[in-house]
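Q: Quick one: this structure, given as structure tokens, is what I'll be asking you about.
The values are calculated or read from the model by the stated rules, or taken from the named source; none is laboratory data. None of the values given here were measured: they were computed from a predicted structure. Positions of Cβ are generated from backbone atoms using ideal geometry, with glycine treated the same way; all protein chains shown enter the neighbour counts. The protein model used for the area step is the full one, side chains on, heavy atoms only, and it has no ligands, DNA or RNA in it. Shrake-Rupley method; radii C 1.70, N 1.55, O 1.52, S 1.80 Å.
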Amino acid sequence: MSTETPEFSTSDIRELGITTDALEETKHLQRNFGRKEILFFTICTLVGVDTIGLLAGLGAEAFTWNVIIAVTFFIPSALLFAELGTAFPQEGGPYIWARLAFGRLAATINNVLYWVTNPVWFGGTLSVVAAATVSVFFMNGAEMTTFWFYAFTLIFIWVGTFAAILSFRVGKWVPILGAYARFILLGFFTFSTIIFAFQNGVHGVGFGDFAVTKAGLVGLAGLIMFGYVGFELPNTAGDEMKNPKKDVPFSIGRSAVAAILMYSIPVLCVIVILPADQISGLDGFISAMKSVFTVYGGEIAADGSSTLTGAGAVIGAASAVLFILCLLSSGVAWIMGSDRALAVSGYDGAAPRWLGKISEKQGTPVRVNVLSGILSTVVLIAARTISDGNAAKYFLVILSIAISTTLISYLAVFPALWRLRVTHPDHPRPYRAPWAPFLSILLTGWILFATVELLFPGLGDGWFSDDYRPDGWEESEKWAYTFTGLIPLLAFIALGFIFYAVSGKTRRNLAAANLVSK
């Protein structure tokens, strides 16, 4: 497999404002990212199994909004990233686009938010859902002791971190296997649901239950959009791609279709199998799998709990392993991508220079990878301690922070399409998205709406009233709820300013000043 390093022309160096440090570090990158890898990598980023249960737990309306947002957000974002990813395919992806469109300071802040979300999510939600899966399928629902909880989750985090550290030629197998795990698990779950429905009937869901409401939009928009972002992630390894101008549109088109089907159908299956009061955000999909697999051996008790026996137990155990692999591959794919974006900003003058080091041996940003692993570990321990071991409460709090931080990190990316059409009109565009201004406005509008409603639920129509207040919160706690999400965001933004302030020397050392080319 080819491991040739990327090259920059003199015109690229001038137009893109490449630093001398960037020329030095990109020598260590390896072109191991082909069409198949990009496709599977994108599927792992888009099809997140950790939120299926939470979305299904919000009822049939969630399915309707999922379809609406797929049409008005997901598909437009695919068109937008198909252009940006082929026109500006350099390493760093969304950081580079934001920097070219709005300057290094805006891109720095945006990139910190883009990066920090992923170790928080990896350690704070994915590892916990994986632990819950072990509890449900291998411990008959019993809680893990504190020792075994930490033993399992820390192994989960650091296996993922190690996969990100390895050369992409080796580490890519985690996302590839994760994509196959999704095909097998979600396909088999859907097939088994049909059998279950014929044998046991389905939970009563009427046509009227699929009607949409404003309260449903407020509660669901951010969650659904969180599951529908990630088209841009392969471009964080843009200089490691073999042929981005052809492979990026190919992968985006196919992964978009796969993601809509693989996300929507399981949500609908869970809705019709389990009553809403039996679906929790933490283990809703896990419980649905266990109930469905009783068709192969087992029973469902009067209280809704399931017990698997015989072939059902074997299938359940195998499915649990596949589910954990899906969780791990999601985290690894996002860590691989966001860590590369942060490393690029390190050698581009938008983060401390020591973060922008690419390993000569592995061709990966090892220092950022290790930093992400450490942050994931800190989040895991802190959230577990603060929540007194309440896994469900822990899951929802961290997921809320991850969603809001993720969505805000697109505020400098979606407008970049329109802005770069204006500032770089003659730049080659192998693919041109239709209605570029409209796409930027539509997608940015969605992000602004979802972000505001995440921080101030129901603002403009009864802020924090009964219709909009998240479960478990009292009306008197609205400011406490808002600051729970707002304070981390402000801290991350402040970190962006700090990163920019300490990296002036790197960004002043532009390669174009010395007419350097490779």
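Q: Place a point 7 Å from the Cα of VAL159 along the Cα-to-Cβ direction; which residues of the range 315-331 have their backbone N under 16 Å from it?
A: Zone members listed by number: 317-331.
Q: If DNA, RNA and ligands are ignored and the probe is 1.4 Å, what is the ranking of MET225, MET144 by accessible area, most exposed first?
A: On the way: MET225 0, MET144 25 Å².
In descending accessible area the options line up as MET144, MET225.
Q: At a 10 angstrom cut-off on C-beta neighbours, averaged per residue, how do the peptides 189-202, 326-339, 440-453 rank from highest to lowest?
A: 326-339, 440-453, 189-202
Q: Cut-off under 17 Å on the C-alpha distance; same-chain residues fewer than 8 positions from LYS290 excluded. Which lysines are left, in chain and number order?
A: Candidates past the 8-residue exclusion: nothing left.
Q: Still on this structure, I have one more. Report the relative contact order of the chain, percent, no decimals, based on alpha-carbon pairs under 8 angstrom and at least 6 residues apart.
A: Dividing the mean separation by the residue count of the chain yields 33 percent.
Q: Give me the 1.4 Å probe accessible area per residue for the chain, excluding ligands and nucleic acids, in Å².
A: Accessible area per residue, the chain: 38 Å².
Q: Give the carbon-plus-sulfur fraction of the accessible surface of the chain in %, rounded to a whole number; probe 1.4 Å, heavy atoms of protein chains only.
A: Values: 12800 of 19530 Å².
The nonpolar share, carbon plus sulfur, comes to 66 percent.
Q: Another question, then. Taking a cut-off of 17 Å between Cα atoms, list the lysines near LYS27, but don't count ones fewer than 8 places away on the same chain.
A: Within the straight-line cut-off, LYS27 pairs with LYS242, LYS357, LYS361, LYS518.
Q: Return the FRET efficiency for the residue pair VAL67, ASN243: r is the Cβ-Cβ distance, R0 is 41 Å, and the value is rounded to the nearest 0.05.
A: So the FRET efficiency works out to roughly 0.75.
Q: On to the next question. Each label point is 7 Å from the Cα along the Cα-to-Cβ direction; what then is the distance between the points at ILE194 and GLU299, in nm?
A: About 2.9 nm, to one decimal.
Q: If you don't mind, there's one more thing I want to ask. Determine, from the Cβ-Cβ distance of LYS361 and TRP173 and an R0 of 22 Å, the FRET efficiency 1/(1 + (r/R0)^6), rounded to the nearest 0.05.
A: So, using R0 = 22 Å, E works out to roughly 0.75.
Q: Another question about this same structure. Using a cut-off of 15 Å between beta-carbons, work out the net charge of the residues near LEU220 (Lys and Arg +1, Asp and Glu -1, LEU220 not included).
A: Result for the local shell: -3.
Q: Using a 10 Å cut-off on Cβ atoms, rank the peptides 366-375, 15-24 from the highest mean neighbour count down. Can you show the working numbers first?
A: Numbers: 366-375: 21.4, 15-24: 19.4.
Put in order of decreasing packing, that is 366-375, 15-24.
Q: Here are some values of volume of the Cα convex hull per residue in Å³: (i) 244; (ii) 139; (iii) 194. Which one was computed from this structure?
A: Identified label for the calculated read-out: (ii).
Q: Separate question: With point charges of +1 on the Cβ of Lys and Arg and -1 on the Cβ of Asp and Glu, referenced to the Cα centre of the chain, which listed residue (GLY216, ILE498, PRO89) lies farthest in the positive direction of the dipole?
A: The listed residue farthest towards the positive side: PRO89.
Q: Report the extension gain between ILE493 and SER465 in nm, rounded to one decimal, defined as 0.36 nm multiplied by the number of residues separating them, less their alpha carbon distance. Don't skip to the end; give the middle numbers.
A: Details: separation 28, 0.36 × 28 = 10.08 nm, distance 2.92 nm.
Working it through step by step, the gained length comes to 7.2 nm.
Q: Give me the distance in nm between label points sitting 7 Å out from Cα along the Cα-to-Cβ direction at ALA501 and VAL452, one decimal.
A: Reported label-point gap for ALA501 and VAL452 is 3.1 nm.
Q: Could you sort the peptides 490-497, 261-268 by per-residue average Cβ neighbour count (10 Å cutoff), highest mean leading?
A: 261-268, 490-497
Q: Continuing with the same structure: Give me the percent relative contact order of the range 159-301, please, defined on Cα pairs under 8 angstrom at least 6 residues apart. Could the numbers behind the result be given before it?
A: On the way: 49 pairs, mean separation 54.7, N = 143.
Relative contact order here is 38 percent.
Q: Can you give me the long-range amide H partners of THR19? Hydrogens built in the peptide plane at 1.01 Å from N, cutoff under 5 Å, separation of 5 or more residues or another chain.
A: Excluding prolines and chain starts, which carry no amide H, the hits are ALA511.
Q: Add +1 for every Lys or Arg and -1 for every Asp or Glu among the other residues with Cβ under 12 Å from the Cβ of ILE252, and state the total.
A: 0
Q: Which aspartates and glutamates does LYS478 reach when only Cα atoms under 16 Å apart count, and residues fewer than 8 places away in its own chain are ignored?
A: GLU453, ASP461, ASP466, ASP467
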